[in-house]
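What follows is a short report on a single structure.
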Amino acid sequence: MNALDKFAAAGRSGAPLHDEVLIDAHGHFGHGPDFPLIRPTAEALIASMDRTGIRLTAVSAIPAIFGDAEHGNQIVSAALREHPDRIFGYNVVDVGYPDRIQRQLERGLAQGFRGLKVWSYGARSGLPYNHPNYDRVFAFADEHRLPVLAHVFGPELDELEGHIRRRPGARWLLAHIGSADLEKYIRFAREFPTAYVELCLSVCQRGLVEHLVAAGIEDKVIWGSDAVFLNQASQLGRVLFAQIPVEAKRKILGLNARKVLGLAG
Ligand SMILES: [Zn+2]
């Protein structure tokens, strides 16, 4: 291992990386609909961030994703008021109710949300991203130049492709690379200037991060943890210990996120 790799050294020692820009682009607050999570609160997440040196975590509310945007978003909104320098908010809308969408989009912007989170599950029933109800959501992201974190587990890539082409003002974080269709994710990152791939996944395939850097997309890979479902520290370790150049780690762990989240300059 490279003796000068401060990222791997921090992973080994457990010391927080305070002098690097670490941004977690994929986190959550709140309980799931049918299973408990351990302390899914802003305070618990910030304690985890302080232990590891993560400056900012971009979160959406789990209840909002699972059908209750009205109440779920308020959990994130409260955290944005209390911890504006540590939390970035993804707004979620009740996409099944088209008459609510515009109002919820505008309210989110007024409350300080700076991105959108969408959750469709190709393998289940529910609205696919190419359902007409999503047009207004993605048009809003395009108009306001917002990042969109999209849950993807394979089939959703095809549902999103038309939107990515038609909405160049939005920036797209294609979540859970490694879940399925790896080469298609990589194609999107290469082909579309606004498409990025995001790393969080409960399985950690050996060599995935190295493969993405070797594929030439180190400027398009975004680190995220899926906290509070998953532990930020274990997801961080996937990049800290990857066999890639230090500068690629710096980009993946934060510099790329600054761009895609609209935080840079
Ligand atoms: Zn998630």
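Basic side chains Lys and Arg get +1 at the Cβ, acidic Asp and Glu get -1 at the Cβ, and with that the dipole of segment 6-260 about its Cα centre reaches some 540 debye.
Counting Lys and Arg as +1 and Asp and Glu as -1 over every other residue whose Cβ lies under 13 Å from the Cβ of residue 8, the net charge comes to +3. In the calculated pair-distance distribution of the chain, the portion above 33 angstrom amounts to 14 percent of the Cα-Cα pairs. Taken over the alpha carbons of segment 1-145 as equal point scatterers, the Debye sum produces base-10 log I(q)/I(0) values at 0.17 Å⁻¹ of -0.95.
Along the charge dipole of segment 6-260, pointing to its positive end and built from +1/-1 on Cβ of Lys, Arg, Asp and Glu, which listed residue (132, 84, 61) has its Cα farthest out? Value computed over the given set: 84. Farthest towards the positive end of the charge dipole of the chain, among the residues 242, 37, 169, is the Cα of 242, using unit charges on the Cβ of Lys, Arg, Asp and Glu. Basic side chains Lys and Arg get +1 at the Cβ, acidic Asp and Glu get -1 at the Cβ, and with that the dipole of segment 1-112 about its Cα centre reaches some 180 debye. The residue among 149, 199, 217 whose Cα reaches farthest toward the positive pole of the charge dipole of the chain, with charges on the beta-carbon of Lys, Arg, Asp and Glu, is 217. Each Cα pair under 8 Å and six or more residues apart adds its separation to the average, and for the chain the resulting relative contact order is 20 percent. Listed peptides 84-93, 27-36, 165-174 appear in the order 84-93, 165-174, 27-36 once ranked by packing, highest mean of other Cβ atoms within 10 Å at the front.
Evaluated over the chain, the count of Lys pairs having alpha-carbon atoms less than 18 Å apart is 9 (only pairs 8 or more residues apart or interchain).
Spin-label model, residue 47 to residue 35: label points 7 Å out along the Cα-to-beta-carbon direction sit 2.2 nm apart. In plain terms, the chain from residue 145 to residue 258 could stretch by 39.3 nm, reckoned as 0.36 nm per residue minus the Cα-Cα distance.
Only helices enter this figure: runs of n ≥ 4 DSSP H residues, each worth -39500 (n - 2.57), summed and divided by the residues of the chain, yield -11500 deg cm²/dmol at 222 nm to the nearest 500.
We did not get these values from a lab; they are worked out from the coordinates using the rules stated. Please read these numbers as outputs of a predicted model, since none were measured by experiment. Positions of Cβ are backbone-derived with ideal geometry, glycine not excepted, and every protein chain shown enters the neighbour counts.
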